[in-house]
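Notes follow once the structure below has been shown.
The values are calculated or read from the model by the stated rules, or taken from the named source; none is laboratory data. From a predicted model like this one, the values you see are computed outputs, not experimental measurements. Please note: Cβ atoms are built from the backbone with ideal geometry, for glycine as well, and neighbour counts cover all protein chains shown. Surface accessibility is based on the protein's heavy atoms, side chains included, excluding ligands, DNA and RNA. Shrake-Rupley method; radii C 1.70, N 1.55, O 1.52, S 1.80 Å.
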Amino acid sequence: LLRPGVGNFYTREFYQQVRDRLNTGGIVSQFVPLAYLTPEDFRSVVRTFLDVFPQAVLWFNRSEPLLIGTTGQRLAIAPKRLALLEMPGPIHEDLQFELWGREAQNQPPVFLASFGTGARGLARLSMGGAVYSDDRPVLDYRAGRVLPTDESEIPILRDLVGNLEPITTVVTEATPSLIDRASEMRDAHVAEMLAIASVKRRF
(Lines give C-alpha, C1' and ligand atoms only; values in the text may rest on other atoms or scores of the structure.)
Protein backbone atom coordinates (compact mmCIF):
# COMPACT_ATOMS: atom_id res chain seq x y z
CA LEU A 1 0.00 0.00 0.00
CA LEU A 2 3.00 2.30 0.01
CA ARG A 3 3.06 2.40 -3.79
CA PRO A 4 0.95 5.07 -5.54
CA GLY A 5 -2.38 3.80 -6.80
CA VAL A 6 -2.40 0.52 -4.88
CA GLY A 7 -5.32 1.78 -2.80
CA ASN A 8 -7.46 1.56 -5.95
CA PHE A 9 -7.40 -2.22 -5.59
CA TYR A 10 -9.34 -1.96 -2.31
CA THR A 11 -12.31 0.09 -3.51
CA ARG A 12 -15.90 -0.96 -4.08
CA GLU A 13 -15.62 -0.12 -7.77
CA PHE A 14 -12.61 -2.41 -8.23
CA TYR A 15 -14.35 -5.28 -6.46
CA GLN A 16 -17.46 -4.76 -8.58
CA GLN A 17 -15.38 -4.98 -11.75
CA VAL A 18 -13.82 -8.19 -10.48
CA ARG A 19 -17.24 -9.63 -9.66
CA ASP A 20 -18.56 -8.74 -13.13
CA ARG A 21 -15.79 -10.82 -14.68
CA LEU A 22 -16.30 -13.91 -12.55
CA ASN A 23 -18.55 -16.82 -13.45
CA THR A 24 -21.09 -18.07 -10.95
CA GLY A 25 -19.13 -19.74 -8.18
CA GLY A 26 -15.97 -17.86 -9.15
CA ILE A 27 -13.44 -16.94 -6.48
CA VAL A 28 -11.31 -13.86 -5.83
CA SER A 29 -8.42 -13.65 -3.36
CA GLN A 30 -6.70 -10.53 -2.06
CA PHE A 31 -3.99 -10.08 0.54
CA VAL A 32 -4.39 -7.49 3.32
CA PRO A 33 -1.04 -6.02 4.46
CA LEU A 34 -1.73 -5.45 8.14
CA ALA A 35 1.60 -3.74 8.78
CA TYR A 36 0.48 -0.74 6.70
CA LEU A 37 -3.09 -0.38 7.99
CA THR A 38 -4.64 1.26 11.02
CA PRO A 39 -7.43 -0.67 12.79
CA GLU A 40 -9.89 1.78 11.23
CA ASP A 41 -8.56 1.15 7.74
CA PHE A 42 -8.59 -2.61 8.26
CA ARG A 43 -12.28 -2.44 9.21
CA SER A 44 -12.98 -0.43 6.08
CA VAL A 45 -11.07 -2.79 3.80
CA VAL A 46 -13.07 -5.75 5.13
CA ARG A 47 -16.35 -3.80 5.00
CA THR A 48 -15.74 -2.81 1.37
CA PHE A 49 -14.86 -6.36 0.37
CA LEU A 50 -17.99 -7.72 2.06
CA ASP A 51 -20.11 -5.07 0.39
CA VAL A 52 -19.42 -6.75 -2.95
CA PHE A 53 -18.60 -10.30 -1.82
CA PRO A 54 -20.86 -11.03 1.18
CA GLN A 55 -19.86 -14.70 1.07
CA ALA A 56 -16.25 -14.27 2.12
CA VAL A 57 -13.69 -15.87 4.42
CA LEU A 58 -10.30 -14.88 5.79
CA TRP A 59 -7.23 -17.12 5.82
CA PHE A 60 -3.99 -16.38 7.64
CA ASN A 61 -0.88 -15.90 5.54
CA ARG A 62 1.45 -14.85 8.35
CA SER A 63 1.48 -11.01 8.31
CA GLU A 64 -0.73 -10.76 5.23
CA PRO A 65 -4.11 -12.44 5.71
CA LEU A 66 -6.09 -13.33 2.60
CA LEU A 67 -9.64 -12.20 1.97
CA ILE A 68 -11.37 -14.72 -0.29
CA GLY A 69 -14.78 -14.03 -1.80
CA THR A 70 -17.09 -15.89 -4.12
CA THR A 71 -20.01 -15.23 -6.40
CA GLY A 72 -21.52 -18.50 -5.22
CA GLN A 73 -23.70 -19.26 -2.21
CA ARG A 74 -20.96 -20.30 0.21
CA LEU A 75 -17.25 -20.95 0.46
CA ALA A 76 -16.71 -24.46 1.82
CA ILE A 77 -14.24 -27.24 1.15
CA ALA A 78 -15.76 -30.62 0.38
CA PRO A 79 -13.97 -33.80 1.55
CA LYS A 80 -13.04 -34.75 -2.02
CA ARG A 81 -11.37 -31.39 -2.54
CA LEU A 82 -9.51 -31.61 0.75
CA ALA A 83 -8.26 -35.08 -0.16
CA LEU A 84 -6.50 -33.60 -3.23
CA LEU A 85 -3.91 -32.09 -0.89
CA GLU A 86 -2.37 -35.52 -0.26
CA MET A 87 -2.92 -37.07 -3.69
CA PRO A 88 -0.10 -36.92 -6.27
CA GLY A 89 -0.79 -34.07 -8.63
CA PRO A 90 -0.46 -30.30 -9.16
CA ILE A 91 -2.28 -29.28 -5.94
CA HIS A 92 -0.10 -31.52 -3.80
CA GLU A 93 3.03 -30.25 -5.52
CA ASP A 94 2.06 -26.55 -5.42
CA LEU A 95 1.38 -26.68 -1.68
CA GLN A 96 4.54 -28.55 -0.76
CA PHE A 97 6.02 -25.61 1.12
CA GLU A 98 6.25 -24.64 4.79
CA LEU A 99 4.32 -21.44 5.38
CA TRP A 100 4.94 -21.50 9.12
CA GLY A 101 8.36 -23.12 9.06
CA ARG A 102 7.09 -26.47 10.32
CA GLU A 103 5.02 -28.73 8.09
CA ALA A 104 4.08 -28.55 4.41
CA GLN A 105 0.75 -27.01 3.45
CA ASN A 106 -0.27 -30.09 1.46
CA GLN A 107 -1.43 -31.83 4.63
CA PRO A 108 -5.13 -31.30 5.52
CA PRO A 109 -4.67 -30.24 9.18
CA VAL A 110 -1.84 -27.88 8.29
CA PHE A 111 -3.83 -26.34 5.46
CA LEU A 112 -6.99 -25.90 7.55
CA ALA A 113 -5.01 -24.35 10.40
CA SER A 114 -4.67 -21.19 8.29
CA PHE A 115 -8.43 -20.60 8.28
CA GLY A 116 -9.36 -17.52 10.26
CA THR A 117 -13.02 -16.61 10.05
CA GLY A 118 -16.07 -16.64 7.82
CA ALA A 119 -18.65 -14.09 6.72
CA ARG A 120 -20.13 -13.64 10.21
CA GLY A 121 -16.78 -13.05 11.84
CA LEU A 122 -15.80 -10.64 9.07
CA ALA A 123 -19.05 -8.73 9.54
CA ARG A 124 -18.21 -8.26 13.21
CA LEU A 125 -14.65 -7.21 12.37
CA SER A 126 -15.86 -4.60 9.88
CA MET A 127 -18.49 -2.96 12.09
CA GLY A 128 -18.19 0.80 11.86
CA GLY A 129 -15.92 0.67 8.84
CA ALA A 130 -16.52 2.98 5.89
CA VAL A 131 -16.85 1.69 2.33
CA TYR A 132 -13.93 2.84 0.18
CA SER A 133 -14.74 4.23 -3.25
CA ASP A 134 -12.82 5.65 -6.20
CA ASP A 135 -14.05 9.18 -5.55
CA ARG A 136 -12.57 9.21 -2.03
CA PRO A 137 -9.08 7.61 -2.28
CA VAL A 138 -8.29 8.11 1.39
CA LEU A 139 -6.51 4.78 1.79
CA ASP A 140 -3.60 5.90 -0.38
CA TYR A 141 -2.96 8.81 1.97
CA ARG A 142 -3.51 7.02 5.27
CA ALA A 143 -1.45 3.93 4.52
CA GLY A 144 1.65 5.98 3.83
CA ARG A 145 1.60 7.21 7.42
CA VAL A 146 1.74 3.74 8.98
CA LEU A 147 5.14 2.15 9.50
CA PRO A 148 5.80 -1.59 10.00
CA THR A 149 7.22 -0.70 13.42
CA ASP A 150 3.99 0.96 14.58
CA GLU A 151 1.70 -0.75 17.04
CA SER A 152 -1.42 -0.63 14.84
CA GLU A 153 -0.93 -4.24 13.67
CA ILE A 154 -1.30 -5.60 17.21
CA PRO A 155 -4.90 -4.45 17.88
CA ILE A 156 -5.89 -5.66 14.42
CA LEU A 157 -4.49 -9.12 15.17
CA ARG A 158 -6.22 -9.14 18.54
CA ASP A 159 -9.52 -8.33 16.86
CA LEU A 160 -8.91 -11.16 14.40
CA VAL A 161 -8.17 -13.60 17.20
CA GLY A 162 -11.29 -12.48 19.03
CA ASN A 163 -13.44 -13.21 15.99
CA LEU A 164 -12.07 -16.58 14.91
CA GLU A 165 -14.75 -19.01 13.78
CA PRO A 166 -14.65 -22.81 14.08
CA ILE A 167 -12.76 -24.54 11.31
CA THR A 168 -15.96 -26.49 10.60
CA THR A 169 -17.24 -23.21 9.14
CA VAL A 170 -15.20 -23.82 6.00
CA VAL A 171 -14.89 -27.61 5.74
CA THR A 172 -17.69 -30.15 5.46
CA GLU A 173 -17.75 -33.63 6.97
CA ALA A 174 -14.32 -33.43 8.59
CA THR A 175 -13.41 -35.90 11.32
CA PRO A 176 -13.17 -34.59 14.91
CA SER A 177 -9.51 -35.57 15.10
CA LEU A 178 -8.72 -33.52 11.98
CA ILE A 179 -10.56 -30.49 13.35
CA ASP A 180 -8.89 -30.80 16.75
CA ARG A 181 -5.39 -30.99 15.27
CA ALA A 182 -6.03 -28.10 12.88
CA SER A 183 -7.45 -25.98 15.71
CA GLU A 184 -4.38 -26.59 17.87
CA MET A 185 -2.11 -25.58 15.01
CA ARG A 186 -4.17 -22.45 14.39
CA ASP A 187 -3.80 -21.41 18.02
CA ALA A 188 -0.04 -21.66 17.60
CA HIS A 189 -0.18 -19.64 14.37
CA VAL A 190 -2.06 -16.69 15.83
CA ALA A 191 0.18 -16.66 18.89
CA GLU A 192 3.20 -16.52 16.58
CA MET A 193 1.70 -13.67 14.57
CA LEU A 194 1.12 -11.63 17.72
CA ALA A 195 4.63 -12.33 18.94
CA ILE A 196 6.18 -11.27 15.63
CA ALA A 197 4.13 -8.07 15.59
CA SER A 198 5.31 -7.23 19.12
CA VAL A 199 8.96 -7.79 18.19
CA LYS A 200 8.70 -5.61 15.08
CA ARG A 201 7.33 -2.78 17.19
CA ARG A 202 10.49 -2.79 19.33
CA PHE A 203 12.75 -2.32 16.35
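Within segment 52-69, being under 12 Å from Gln30 (Cα atoms) and either among the small types (Gly, Ala, Ser) or not in a loop (DSSP other than H, G, I, E, B) (or both) holds for Ala56, Val57, Leu58, Trp59, Leu66, Leu67, Ile68, Gly69. So for segment 115-128 (the condition being open to solvent by 40 Å² or more (accessible area, probe 1.4 Å), assigned to a loop (DSSP other than H, G, I, E, B), modelled with pLDDT under 90 and farther than 21 Å from Asn8 by Cα), does at least one residue qualify? Scanning segment 115-128 turns up no residue that is open to solvent by 40 Å² or more (accessible area, probe 1.4 Å), assigned to a loop (DSSP other than H, G, I, E, B), modelled with pLDDT under 90 and farther than 21 Å from Asn8 by Cα.
Taking segment 50-66, which residues are in contact (Cβ under 8 Å) with a residue 60 or more places away in the chain and under 24 Å from Ala113 (Cα atoms)? Result: Leu50, Pro54, Gln55, Ala56, Val57, Leu58, Phe60, Arg62, Ser63, Pro65. Look at segment 183-198: where a residue is on the phi > 0 side of the Ramachandran plot and among the aromatic types (Phe, Trp, Tyr), no partner that is surrounded by 17 or more Cβ atoms within 10 Å (Cβ to Cβ) and modelled with pLDDT under 90 sits 6+ places away or on another chain with Cβ atoms under 8 Å.
Take the conditions open to solvent by 50 Å² or more (accessible area, probe 1.4 Å) and touching a residue at least 40 places away in the same chain (Cβ under 8 Å) and apply them to Glu153. Does it pass?
When the stated conditions are applied, Glu153 does not pass them.
Among the residues of segment 16-46, what is the count of those that are part of a helix (DSSP H, G or I) and either among the β-branched types (Val, Ile, Thr) or touching a residue at least 40 places away in the same chain (Cβ under 8 Å) (or both)? Total meeting the criteria: 13. If the condition is being surrounded by 17 or more Cβ atoms within 10 Å (Cβ to Cβ), modelled with pLDDT of 90 or more and not β-branched (Val, Ile, Thr), then segment 1-38 contributes Tyr10, Phe14, Tyr15, Gln30. Residues in segment 80-92 include at least one that is β-branched (Val, Ile, Thr) and in a helix (DSSP H, G or I). For segment 160-182, a residue qualifies if it is in a helix (DSSP H, G or I) and in contact (Cβ under 8 Å) with a residue 12 or more places away in the chain, and the qualifying residues are Leu160, Val161, Ile167, Thr169, Leu178, Ile179, Arg181, Ala182.
Out of all the residues in segment 93-114, which are part of a helix (DSSP H, G or I) and surrounded by fewer than 16 Cβ atoms within 10 Å (Cβ to Cβ)?
Glu93, Asp94
What about Phe49, is it assigned to a helix (DSSP H, G or I), under 16 Å from the mean Cα position of the chain (by Cα) and either modelled with pLDDT under 95 or charged (D, E, K, R) (or both)? Considered against the rule, which asks whether it is assigned to a helix (DSSP H, G or I), under 16 Å from the mean Cα position of the chain (by Cα) and either modelled with pLDDT under 95 or charged (D, E, K, R) (or both), Phe49 comes out as no.
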